[in-house]
Amino acid sequence: MKLKVCGLRATDNIDEVLTLSPDFVGFIFHVRSARYVGSYLDPAYAKMLDGVEKVGGFVNEDEDFMDDAIERFGLTAVQLHGQESPELCEAMKRAGVKVMKVFSIGANFDFSQLSPYEAYVDYFLFDTKVKGKLGGTGKTFDWGLLDQYNSRIPFFLSGGLSLENIEEVLQLGIPQLVGIDVNSKFEDKPGLKNIEKLQQLKEILDSQHYA
């Protein structure tokens, strides 16, 4: 199970998170987010980070804006949270980065809408649908809905993941579920991750790997 830690922006905190060897770290480039990188994240510092996938989170941004962020921060992947088209996903693939397309899941979610994206994404990411919110809500959705997922594309699960429910996630038994994306339940405040909680999470994931 791959681990993505999202909503990072403080250099010292990122350094601490990296000691836990996550597979992905996420930086949010959406100005309305409480975890917006703004002037917190030094592009030169981000560009020097290696050994981890660096994911930029965007919401309905244009191709030029994302291309600039990819270059300035050395991003290796983009996570698209808005109504981005399959064509834009294809353009990001051509830019040489991995593409994670996010879909917010509610009770009546139609998984057939994913099919136009399959040729242009590396991963889907499923978050919780909350009116007026795009990620970082701390809320889960009904994971039973994932039984309807029949795509070959691997996906990450997000939305309210915590130490209290991670064992349930690991028992879902869905082959395409390859990673988790954690955020608000592992914070002391927006943008500042709690290293002790992340350490406990990593130990759980590692014990699952060697079980």
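The values are calculated or read from the model by the stated rules, or taken from the named source; none is laboratory data. Remember, it's a predicted structure, so these values are computed and weren't measured experimentally. So basically every Cβ, Gly included, is an ideal-geometry build from the backbone, and we count neighbours across all protein chains shown. Heads up: the accessible areas ignore ligands, DNA and RNA and are worked out on the full protein's heavy atoms, side chains in. Shrake-Rupley method; radii C 1.70, N 1.55, O 1.52, S 1.80 Å.
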note = Check: C-alpha center the range 155-194 vs C-alpha center the range 89-109, spacing in Å is 18
note = Amide H proximity to LYS2 below 5 Å, modelled H, separation 5+ or other chain, gives GLY179, ILE180
ask   = To the nearest 20 debye, what charge dipole does the chain have about its Cα centre, counting +1 at the Cβ of each Lys and Arg and -1 at the Cβ of each Asp and Glu?
value = 320
task = Would you compute, from DSSP H runs of 4+ residues alone, the mean residue ellipticity of the chain at 222 nm, taking -39500 (n - 2.57) per run and dividing by the full residue count, rounded to the nearest 500?
result = -7500 deg cm²/dmol
request  = Would you mind counting up the charge near LEU192? Only other residues with Cβ under 14 Å from its Cβ, with Lys and Arg at +1 and Asp and Glu at -1.
outcome  = 0
message = Just to check I understand the Karplus step: with θ = phi - 60° and J = 6.51 cos²θ - 1.76 cosθ + 1.60, what whole-Hz values come out for the range 8-22, glycine and proline as x?
response = 8, 7, 8, 3, 4, 5, 4, 4, 5, 4, 5, 5, 8, 6, x
ask   = the chain: longest stretch without exposed trypsin sites (Lys or Arg not before Pro) (DSSP loop, at most 15 other Cβ within 10 Å), sites themselves excluded?
value = 33-130
task = Give me the Kirkwood hydrodynamic radius of the range 74-211, using the inverse of the mean 1/r over all pairs of distinct Cα atoms, in Å to one decimal.
result = 15.9
Per residue value of the accessible surface for the chain (all protein chains in place, 1.4 Å probe), Å² = 48
query = Of the heavy-atom accessible surface of the chain (probe 1.4 angstrom), what whole percent is carbon and sulfur?
reply = 45
ask   = If you take the charge dipole of the chain about its Cα centre, with +1 on Lys and Arg Cβ and -1 on Asp and Glu Cβ, which of GLY96, SER151, ILE195 is farthest toward its positive end?
value = ILE195
